[in-house]
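Below is one structure; the comments refer to it alone.
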Protein chains: 2
Amino acid sequence: MAHAVAVSGVGETEYSRSSGRSALMLQLEASLSAIEDAGLTPKDIDGIIPLSAGTSIAEDFIANFGIPDLRFSAIIPMGGASTVAALQCAAAAISFGICKHVLLPAGRNGYSGARMAARITDQPHRRLIAEFETPIGAITAAQLYAPMARRHMEMFGTTSRQFAEIAVATRAHALLNERAMMKKEITVEDHQSSRLIADPFRLLDCCLESDGGAAIVVSAADRAKDLRKHPILVTGIAEGHPDSPSTITQRTDITTLGVAKAAVRAFAMAGITHDEIDVAQIYDCFTYIVLCQLEDLGFCKKGEGGPFVESGAIRLGGKLPVNTHGGLLSQAHIGGMNHVIELVRQLRREAGAAQVKDAATGLVTGFGDLGDGAVAIMQRA
Amino acid sequence: MAHAVAVSGVGETEYSRSSGRSALMLQLEASLSAIEDAGLTPKDIDGIIPLSAGTSIAEDFIANFGIPDLRFSAIIPMGGASTVAALQCAAAAISFGICKHVLLPAGRNGYSGARMAARITDQPHRRLIAEFETPIGAITAAQLYAPMARRHMEMFGTTSRQFAEIAVATRAHALLNERAMMKKEITVEDHQSSRLIADPFRLLDCCLESDGGAAIVVSAADRAKDLRKHPILVTGIAEGHPDSPSTITQRTDITTLGVAKAAVRAFAMAGITHDEIDVAQIYDCFTYIVLCQLEDLGFCKKGEGGPFVESGAIRLGGKLPVNTHGGLLSQAHIGGMNHVIELVRQLRREAGAAQVKDAATGLVTGFGDLGDGAVAIMQRA
């Protein structure tokens, strides 16, 4: 049943620090681009899952595009895991027979407009954090995730230089991508001398905040095969939530994320092994979150993420190229939709200078503020 | 595929004007009641779709109930259509194989806390209205829907006394229901002499604002058959959105709601005719909205809703008993979740004094602020 769904179109605006237009405009532009990429028109869209922390709803797209017969709409409030979790929701809506083409629009003025840190209390998924972590001084994402990274260092001997390797590898990939915002090469020493933000996170451990829009169209596979581009099948998809209680400081195991549960199910659904993954786009709000997910996904054992990345495994040419577009760390922060788009481009063989040769199977993850995770496995049809 | 899903449990708190506890508490209480009604425990829940206009998220239930392995979460921002549309989303998640038991919790302090009129600008689905209708003085729901009702009167000769019949029939049903807030019989003359709120709506055309919680559990049908209560199959389910633009004054046809599109699909999915519907729970924020939906659902032709209700058809003992619990007009306003629960009770033959004899097939609708609609057809297994 999972093989009944494909990504048929992808679209992006430019990524910048000042878009000069509204978040909705960015979403509409990226959506039109994705719809055109699929060889469809807006009237073909019959499902919409907006990804904007509640600022856009399906009716915004009906009103602006003149969509005549929308049959499904939802919002997935899972922070950075929302994008991939929305892909699961779209797959369910298509498989149940509700929709043929579901639009997933993302976009925000994350730098010039509502910056993440400023919005900390206006999202429902922040409320649990606000009850437990905010009173002890943790307000920004860097402060919230720092204890997870520090715990990992204490338990497993993980080092800041290992975090640095993730930043350096990701920046090297960004330099191959004309859509990436960061244009300057960095070294481990640059990372080590960048200023401390929230111990153990330094500036170069932290992702960007960006303006931009990004969108995909998810289609029934039997429709996608007749569309403009080579369809990319979604063969494994799952979301996972950490055990109760969900706040960071109150969780029994803060070095394991919801993605661990999702990964087991996604791999089982796809019926493939880890060796078959040619490329992975891993949600990278902070370097450590990539390291932790590599373990949770099963690419190495818990505690061995440091040596795994230090081996060069996640670089282009390595065992498991990760974030070949430059990720949230060096391309732009569009809620992880840019990760989904990069995976599709890799499997279409449209990834340009960062193309992983003969990429046929890949993986993309999302990570949300409360430890939520989602994993999608995609395969070239 | 639609027959693969059933409602396995229902639960409610008391309905009041002052609950004395938080909206989340009400949702948790109603949820526990629904889970127990199904013969399950919270640990069995693997999907959650909170229905509270974004104030609660899945993590609230994970944290409070200790749910170990949640696999699906979403929010449906369709105003009063959200409840039935969420049922469609739950059905998709179950049919796709993600979940076995999805919890749909609703609840708010709609009278003592955040009253509808006061929240008009804090919900994304109100934004389009705010751009077009608010500047001309329409702020509350009564003001927003009044032009629709007036238009219907002008086009089809519908009368205020016909609206009154809906209020009177619904109140008569409420008097049979110990959970209903309104305890006093009313007549058409009472309606006609009640004060004007927004022409043509009088006080008795308007629904209640209430405190309370209500929840259901939706299960895979093959699981539901082994649970405590007789499973009620969801055999037809769909949502529909009006054509663009979605605002009330800018729509080409303001006397047809999204429910018209949903109804065609829901009946086709269930494979039944209108004559087979034994009982209907129709979203009744205002009397007129019931009349309009009776037409949109196909129980009578467009423009004939007035004579249809005047014939006594919607009373217990009539051709199509409607809102046998007392509805939003006379039981309580719990976003329409109480309508879903009443349909399940009717089909289980647990509706007490308001029981429709041998009820085997029924229908429930939702109506959202932007004209969105959703329809579910349920059948006794």
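The values are calculated or read from the model by the stated rules, or taken from the named source; none is laboratory data. Just so it is clear, the model here is predicted, and its values are computed rather than measured. In this analysis, Cβ positions are derived from the backbone assuming ideal geometry, glycine residues included, and neighbour counts consider all displayed protein chains.
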Query raised in the report: Looking at segment B:1-34, which of its residues are in contact with an Asp or Glu (Cβ under 9 Å, 6 or more places away or on another chain), within 14 Å of chain A (Cβ to nearest Cβ) and of a type in the set (A, V, I, L, M, F, W, C)?
Result: B:A4, B:A23, B:L24, B:L28
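Output the residues belonging to segment A:260-285 that are among the hydrophobic types (A, V, I, L, M, F, W, C) and within 14 Å of chain B (Cβ to nearest Cβ).
Pass one, segment A:260-285, residues among the hydrophobic types (A, V, I, L, M, F, W, C): A:260, A:262-264, A:266-270, A:272, A:277, A:279-280, A:282, A:285.
Within segment A:260-285, A:A260, A:A262, A:A263, A:V264, A:A266, A:A268, A:M269, A:A270 qualify.
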**Report entry** Any chance B:V309 is among the aliphatic types (A, V, I, L, M) and either within 14 Å of chain A (Cβ to nearest Cβ) or assigned to a loop (DSSP other than H, G, I, E, B) (or both)
**Finding:** no
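Is it fair to say B:V279 is surrounded by 24 or more Cβ atoms within 10 Å (Cβ to Cβ), within 20 Å of B:H241 (Cα to Cα), at pLDDT 95 or above and in contact with a helix residue (DSSP H, G or I) (Cβ under 8 Å, 6 or more places away or on another chain)? Give the derivation first.
Numbers: surrounded by 24 or more Cβ atoms within 10 Å (Cβ to Cβ): yes; within 20 Å of B:H241 (Cα to Cα): no; at pLDDT 95 or above: yes; in contact with a helix residue (DSSP H, G or I) (Cβ under 8 Å, 6 or more places away or on another chain): yes.
The answer is no for B:V279.
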Requested in this report: Can you tell me which residue among B:K229, B:K225 is more than 22 Å from A:C99 (Cβ to Cβ), among the basic types (K, R) and under 23 Å from the mean Cα position of the chain (by Cα)?
Outcome: B:K229
Report task. Exactly one condition in (1) of a type outside the set (V, I, T); (2) crowded, with 24+ Cβ neighbours inside 10 Å; (3) in a helix (DSSP H, G or I); (4) free of Cβ contacts under 8 Å to residues at least 40 places away in the same chain is not met by A:A63; state its number. Result -> (2)
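For B:D226, are the conditions met, namely being farther than 30 Å from B:E165 by Cβ and without any contact (Cβ under 8 Å) to a residue 60 or more places away in the chain? First the steps, then the outcome.
Numbers: farther than 30 Å from B:E165 by Cβ: yes; without any contact (Cβ under 8 Å) to a residue 60 or more places away in the chain: yes.
Yes, satisfied.
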**Report entry** Residue check for A:G11: touching a strand residue (DSSP E or B) at 6+ places or on another chain (Cβ under 6 Å), under 23 Å from A:R380 (Cα atoms) and not hydrophobic (A, V, I, L, M, F, W, C)
**Finding:** yes
Report summary line: Of A:S8, A:S22, A:S31, A:S56, the only residue that is in contact with a Gly (Cβ under 9 Å, 6 or more places away or on another chain), of a type in the set (S, T, Y), buried (at least 22 other Cβ atoms within 10 Å of the Cβ) and at pLDDT below 95 is A:S56
**Report entry** Neighbours by Cβ (under 6 Å, 6+ apart or cross-chain): first from segment A:297-315, more than 19 Å from A:E154 (Cβ to Cβ); second surrounded by fewer than 17 Cβ atoms within 10 Å (Cβ to Cβ) and basic (K, R)
**Finding:** A:A313/A:K319
Report task. Can you confirm whether segment B:355-375 contains a residue that is in contact (Cβ under 8 Å) with a residue 60 or more places away in the chain and part of a helix (DSSP H, G or I)? Result -> no
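Against the condition assigned to a loop (DSSP other than H, G, I, E, B) and touching a helix residue (DSSP H, G or I) at 6+ places or on another chain (Cβ under 9 Å), how does A:C292 come out, does it pass? Talk me through it step by step, then tell me what you get.
Working: assigned to a loop (DSSP other than H, G, I, E, B): no; touching a helix residue (DSSP H, G or I) at 6+ places or on another chain (Cβ under 9 Å): yes.
Answer is no for this residue.
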**Report entry** Count of segment B:1-47 residues which are over 30 Å from A:I94 (Cβ atoms), among the acidic types (D, E) and assigned to a loop (DSSP other than H, G, I, E, B)
**Finding:** 1
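Residue check: is A:D275 of a type in the set (D, E) and free of Cβ contacts under 8 Å to residues at least 24 places away in the same chain?
yes
Filter the helices (runs of 4 or more DSSP H) completely within segment A:144-259 down to those with at least 1 residues that are within 14 Å of chain B (Cβ to nearest Cβ) and β-branched (V, I, T).
By residue number, no helices (runs of 4 or more DSSP H) qualify.
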